[in-house]
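Q: Here it is, the structure in full.
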Amino acid sequence: MVGLILIITVPRAGCQIRWDNLTDTSSVGASLQSGITDNKICLDGCVSNPNCVAVDFNWQSNLGQCWYHFDSNKILTKRSDKGITQYVLNRCYMRCQIRWNNLTSTGSAGAMLQSGLTFLDDCLKGCIFDTSCVAVDFNFKAIPKQCWFHTEMNKVQANRRDVQTNQYILDRCYKSPCPKFTPYINKHAIGGLQQNDANSKDQCEQKCLASSDCQGYDFDTQIAGCFIFNMVTREENLLTQISTNHYELVCRSGETVPPSALPTTTKAGKYPNLFIHWTNKIK
């Protein structure tokens, strides 16, 4: 496959990527991406292509050369190659969540208008796509509505009142407190369903989280017994039992993250001019 990759896929929601860099190193079998001479654009393009596993970037070429690897077996065999840096892509080295910190009637100078993104959902997802985007100003009173991307956090922090605009600051790796359970030590509830294949507290917790109806669980350390509950048990209704602890579900994974902030896949053209209109209007 040769040429600029046009179809863009968002990395899995909840995962943070990492590049493992090897200087003066390359592998055979890479495909030249003609037209890509900038290192950052090269790396971003690899992330956007779900089949790309690594990049060889030739710094010694007059304009820079970008080579994509699509076979993870071939990059296992490396060779010394002066002037080339190999970047091996780890698409999910840290699990985290995306969160938007929203400020109503607020905007900041220095944002760039994203023509064609007139819906808030598309605007937010577009910012997630663009690794340089740190915040969004969305003018909901303009006709059509306007989406503005910020790439400099210091300008975002110097915000101002703007009654037509809401500002959304992107936290790309929010460490969610969920899933979370409230423990009640030496207490148990009545009416739980025993899980014979869960013999540890961790297994019991996973059983509860796997059931959309589960509201809590008991774990009896004496018999390694797991009991899950589909109804919330009030604290005053819990009974004392020395060998058992009750855990009431507070929240599940991802419950603090707005669904609109978790994109999966889009077709080419869904976000028009997403990476190429930085010369558009700047406010």
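Q: Just to verify a result, which residue in the stretch 126-176, among those that are assigned to a loop (DSSP other than H, G, I, E, B) and of a type in the set (S, T, N, Q), is surrounded by the most Cβ atoms within 10 Å (Cβ to Cβ)? Can you show your working first?
A: Restricting attention to the stretch 126-176, the residues satisfying the condition of being assigned to a loop (DSSP other than H, G, I, E, B) are 130-134, 140-145, 151-152, 158, 162-164, 175-176.
With of a type in the set (S, T, N, Q) added as a condition, the list becomes 131-132, 151, 164, 176.
Working: Thr131: 17, Ser132: 13, Thr151: 17, Gln164: 14, Ser176: 19.
Looking at residues that are assigned to a loop (DSSP other than H, G, I, E, B) and of a type in the set (S, T, N, Q), I get Ser176.
Q: Among the listed residues Lys141, Lys145, which satisfies the condition of being of a type in the set (Lys, Arg), touching a helix residue (DSSP H, G or I) at 6+ places or on another chain (Cβ under 8 Å) and either modelled with pLDDT under 90 or under 30 Å from Asp121 (Cα atoms) (or both)?
A: Working: Lys141 fails: touching a helix residue (DSSP H, G or I) at 6+ places or on another chain (Cβ under 8 Å).
Matching residue, one of Lys141, Lys145: Lys145.
Q: Here are the criteria: (1) closer than 12 Å to Ser108 by Cβ; (2) within 29 Å of the chain's Cα centre (by Cα). Tell me which single one Cys173 does not satisfy.
A: Going through (1) closer than 12 Å to Ser108 by Cβ; (2) within 29 Å of the chain's Cα centre (by Cα) one by one, Cys173 breaks only (1).
Q: Take Leu117 and decide whether it is in contact with a Cys (Cβ under 9 Å, 6 or more places away or on another chain) and part of a loop (DSSP other than H, G, I, E, B). Outline the logic, then answer.
A: Numbers: in contact with a Cys (Cβ under 9 Å, 6 or more places away or on another chain): yes; part of a loop (DSSP other than H, G, I, E, B): yes.
So Leu117 fits the description; yes.
Q: So which of Asp213, Asp202, Asp197 is part of a helix (DSSP H, G or I), exposed (fewer than 15 other Cβ atoms within 10 Å of the Cβ) and either in contact (Cβ under 8 Å) with a residue 40 or more places away in the chain or on the phi < 0 side of the Ramachandran plot (or both)?
A: Working: Asp213 fails: part of a helix (DSSP H, G or I); Asp197 fails: part of a helix (DSSP H, G or I).
Among Asp213, Asp202, Asp197, only Asp202 is part of a helix (DSSP H, G or I), exposed (fewer than 15 other Cβ atoms within 10 Å of the Cβ) and either in contact (Cβ under 8 Å) with a residue 40 or more places away in the chain or on the phi < 0 side of the Ramachandran plot (or both).
For every residue, the table says whether it meets (1) outside any loop (DSSP other than H, G, I, E, B); (2) in contact with a Gly (Cβ under 9 Å, 6 or more places away or on another chain); (3) without any contact (Cβ under 8 Å) to a residue 12 or more places away in the chain; (4) surrounded by fewer than 15 Cβ atoms within 10 Å (Cβ to Cβ).
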site	(1), (2), (3), (4)
Asn21	yes, no, no, yes
Asp24	yes, yes, no, yes
Gly35	no, yes, no, yes
Cys42	yes, yes, no, no
Val47	yes, no, no, no
Gln60	no, yes, no, yes
Leu63	no, no, no, yes
Tyr68	yes, yes, no, no
Ile75	yes, yes, no, no
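Q: Being in the same structural domain as Thr165 (by TED's automatic domain parsing), within 23 Å of Asp162 (Cα to Cα) and among the polar types (S, T, N, Q) narrows it down to one residue among Thr118, Thr131; which is it? Quick ask: steps written out before the conclusion?
A: Numbers: Thr131 fails: within 23 Å of Asp162 (Cα to Cα).
It is Thr118.
The values are calculated or read from the model by the stated rules, or taken from the named source; none is laboratory data. None of the values given here were measured: they were computed from a predicted structure. Don't worry about glycine lacking a Cβ; one is built from the backbone with ideal geometry, like all the others, and counts go over all protein chains shown.
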